[in-house]
Amino acid sequence: MKKCIAENKQKAVYVDGGYAKKVFEPAYNKSDVLYEALNTARVEDAGVNIPKLVAVSVEDGKWTITSEYVEGQTMTEILAAHPENADAYIEAFIDYQIDFNKRSNPLLVKLKDKLSRQINSLTNVNNATIYELLTRLETMPKHAKLCHGDYCTDNVIVSTNKKNEITKITAVDWVHATQGNASADVANTYLMLKLVNVELAEKYLDLFCKKTNTKKTYVTSWLPIVAAARLTKKNPAEKEVLEQWIDVVDFQ
């Protein structure tokens, strides 16, 4: 029987016969649906352990992306249920990210190009700030590592044993995947965590930098850029905080 497991105004996700079906509303842009499916396939091609894309179709007049269904909880859910295991869960979360950051696919959109378009699209940010952000972006080292673009605890699915230890982990929603500098992806994850749980965000950044021998300042130098890019989502609850973070001078 088809069961709805997630829903918003634009789409809903159902479990049906062992598959996950993401069903888009009729007004949803067809090219965006196809782009999401293509990005998912390209992440698969890079060798990342993700739920495999099965089909793209139109069902009852609605575009539908069908993928393998992965049984489990989100990382958000398991952190809430077992906060005593937060260190181990965040380490697994980081290890999975390190693994996919090592991979690449030259057919993915370049992260720098995407960030530049997002920054240039901002209408409520003064021109001087946009210039400073674009200048900083241009000076950042160019890499071609696989970046998720929305790597957060809501997008990570885990399976656990009877001791509540993670036995399997994977990530979903690769629509924003790009090729670029992994530290930008880390900065974006850190930012998203910081918006909801400051302690967890700091734990994440400390451990990631330790495990990868990365300087914290290298990651945080991306914060004004990724904060500006996130402003394009136009989330009123985040607007004030993000606007404070786009000041390049604060992150010199």
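The values are calculated or read from the model by the stated rules, or taken from the named source; none is laboratory data. Computed from a prediction, not measured in an experiment: that's the story for all the values here. With ideal geometry, Cβ positions are generated from the backbone for all residues, glycine too; neighbour counts draw on all protein chains shown.
Before moving on, here are some points about what is shown:
To keep it simple, each residue is scored yes or no on (1) assigned to a helix (DSSP H, G or I); (2) in contact with a Gly (Cβ under 8 Å, 6 or more places away or on another chain); (3) closer than 25 Å to CYS147 by Cα.
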residue	(1), (2), (3)
ALA6	no, no, yes
ALA12	no, no, yes
VAL54	no, no, yes
ASN85	yes, no, no
GLN97	yes, no, yes
ASN105	no, no, yes
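For (1) in the same structural domain as ALA88 (by TED's automatic domain parsing); (2) under 13 Å from the mean Cα position of the chain (by Cα); (3) within 22 Å of VAL125 (Cβ to Cβ), each residue gets a yes or a no:
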residue: ASP150; (1), (2), (3): yes, yes, yes
residue: ASP185; (1), (2), (3): yes, yes, no
residue: GLU199; (1), (2), (3): yes, no, no
residue: LYS203; (1), (2), (3): yes, no, no
residue: LYS210; (1), (2), (3): yes, no, no
residue: VAL219; (1), (2), (3): yes, no, no
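Residue by residue, here is whether (1) outside the structural domain of GLU199 (by TED's automatic domain parsing); (2) touching a Phe, Trp or Tyr at 6+ places or on another chain (Cβ under 6 Å); (3) among the hydrophobic types (A, V, I, L, M, F, W, C) holds:
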{"residue": "ASN8", "(1), (2), (3)": "yes, no, no"}
{"residue": "LYS11", "(1), (2), (3)": "yes, yes, no"}
{"residue": "LYS22", "(1), (2), (3)": "yes, no, no"}
{"residue": "TYR35", "(1), (2), (3)": "yes, no, no"}
{"residue": "GLU44", "(1), (2), (3)": "yes, no, no"}
{"residue": "LYS52", "(1), (2), (3)": "yes, no, no"}
{"residue": "ALA55", "(1), (2), (3)": "yes, no, yes"}
{"residue": "ALA81", "(1), (2), (3)": "no, no, yes"}
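- If you go through the range 190-231 and keep only what is of a type in the set (Val, Ile, Thr), modelled with pLDDT of 95 or more and outside any helix (DSSP H, G or I), you end up with just THR214.
- Looking only at residues in the range 68-89 that are of a type in the set (Ser, Thr, Tyr) and touching a residue at least 60 places away in the same chain (Cβ under 8 Å), the one that is surrounded by the most Cβ atoms within 10 Å (Cβ to Cβ) is TYR89.
- Within the range 105-116, residues that are touching a residue at least 60 places away in the same chain (Cβ under 8 Å) sit with their Cβ atoms under 7 Å from residues that are assigned to a loop (DSSP other than H, G, I, E, B), at 6+ positions apart or across chains, in these pairs: ASN105/ALA46; PRO106/ALA144; LEU108/ALA177; LEU111/ASN181; LYS112/LYS142.
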